[in-house]
Amino acid sequence: MATTEDMRNLQEEFKMQNKSVFILGASGETGRVLLKEILNWQLFSKVTLIGRRKLNFEEEAYKNVNQEVVDFEKLDEHSSAFQGYDVGFCCLGTTKAKAGSEGFVRVDRDYVLKSAELAKAGGCKHFNLLSSKGANKMSSFLYLQVKGEVEAKIEELNFDRYTIFRPAVLLCDRQESRPGEWLARKFLSSIPNVLADGYSVPVPTVVRAMLNNLVLKSDKKMELLENKAIHNLGKTDPIAQS
């Protein structure tokens, strides 16, 4: 495992490459934290949000963030929004409770896959997908089945580097109400950390894992990070300790 000093050096090397990045799903909990930390770490020369609406930011740190507004039902008409990025992060997703079964499949499978296809065609080298613990295209549970299908379909696109993150229950204070997750968080907060770590992970830990993994040099075309690996990789925060 790389030390904090190693990670700092890798960050500096990465910054010197002047890479560009896009984020899908920046209005969600993980996407919001990811954007904040990307700006905090100053890893990219260009940061773009791709979404169905423009987000409003008051903080000075967000002044240079680019935004591309697209119609996800007509993504082929917005191929230019995905052109010219070195790295892409996809945190796009919804729930059956919010969108219904058909809406969930449309967002979590169709929108995500089409976005990945356009990113690949646009020159993206490293695609990062936020998936879920238990994702399996053969699962009898629709949520896990769809997540598994998307993972497999994007792998077929043959990105130079493709990283899948499979966190368990995300620990965060959501802006929208999800009673099932609220109950899970309440339960997990009452048991020892050593046990809770297997079933949950704080959103900031996931984001640190994403960024630490990004700057680590890898010759693997496909990387799959399960919840334990996310915890381990997300422990180091070179920025906070510098």
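The values are calculated or read from the model by the stated rules, or taken from the named source; none is laboratory data. Model, not experiment: these values are computed from the prediction. Positions of Cβ are backbone-derived with ideal geometry, glycine not excepted, and every protein chain shown enters the neighbour counts. Ligands, DNA and RNA are stripped out before the accessible areas are found, and what is left, the full protein with its side chains, is counted by its heavy atoms. Shrake-Rupley method; radii C 1.70, N 1.55, O 1.52, S 1.80 Å.
Of note:
- Which listed residue, of 113, 118, is assigned to a helix (DSSP H, G or I) and out of contact with any Ser or Thr (no Cβ under 7 Å at 6 or more places or on another chain): 113
- Considering region 1-26, and only residues there that are part of a loop (DSSP other than H, G, I, E, B) and surrounded by fewer than 17 Cβ atoms within 10 Å (Cβ to Cβ), the residue that is modelled with the lowest pLDDT turns out to be 1.
- Candidates 33, 87, 47, 21 - the one that is of a type in the set (A, V, I, L, M) and free of Cβ contacts under 8 Å to residues at least 60 places away in the same chain: 47
- Tally, over region 95-110, of residues that are open to solvent by 60 Å² or more (accessible area, probe 1.4 Å) and either of a type in the set (A, V, I, L, M) or not in a helix (DSSP H, G or I) (or both): 1
- Given (1) assigned to a strand (DSSP E or B); (2) under 22 Å from residue 211 (Cα atoms), number of the condition residue 31 does not satisfy: (1)
- Only residues that are surrounded by fewer than 18 Cβ atoms within 10 Å (Cβ to Cβ) and among the basic types (Lys, Arg) were counted in region 143-160, giving 1.
- Selected residue (only one of 92, 55, 49, 75 is assigned to a strand (DSSP E or B) and either touching a helix residue (DSSP H, G or I) at 6+ places or on another chain (Cβ under 8 Å) or not small (Gly, Ala, Ser) (or both)): 49
- For region 32-79, the set of residues classified as of a type in the set (Gly, Ala, Ser) and within 23 Å of residue 8 (Cα to Cα) consists of 45, 61, listed by residue number.
- Of everything in region 198-223 that is under 13 Å from the mean Cα position of the chain (by Cα) and open to solvent by 30 Å² or more (accessible area, probe 1.4 Å), the residue that is farthest from residue 129 (Cα to Cα) is 204.
- Any chance residue 136 is open to solvent by 30 Å² or more (accessible area, probe 1.4 Å), over 17 Å from the mean Cα position of the chain (by Cα), at pLDDT 95 or above and on the phi > 0 side of the Ramachandran plot: no
- Test: residue in region 28-50 that is touching an Asp or Glu at 6+ places or on another chain (Cβ under 6 Å), open to solvent by 30 Å² or more (accessible area, probe 1.4 Å) and of a type in the set (Lys, Arg): no
- Qualifying residue in region 52-68 (condition: in contact with a Pro (Cβ under 9 Å, 6 or more places away or on another chain) and open to solvent by 40 Å² or more (accessible area, probe 1.4 Å)): no
- Tallying residues that are hydroxyl-bearing (Ser, Thr, Tyr) and closer than 21 Å to residue 33 by Cβ within region 76-99 yields 3.
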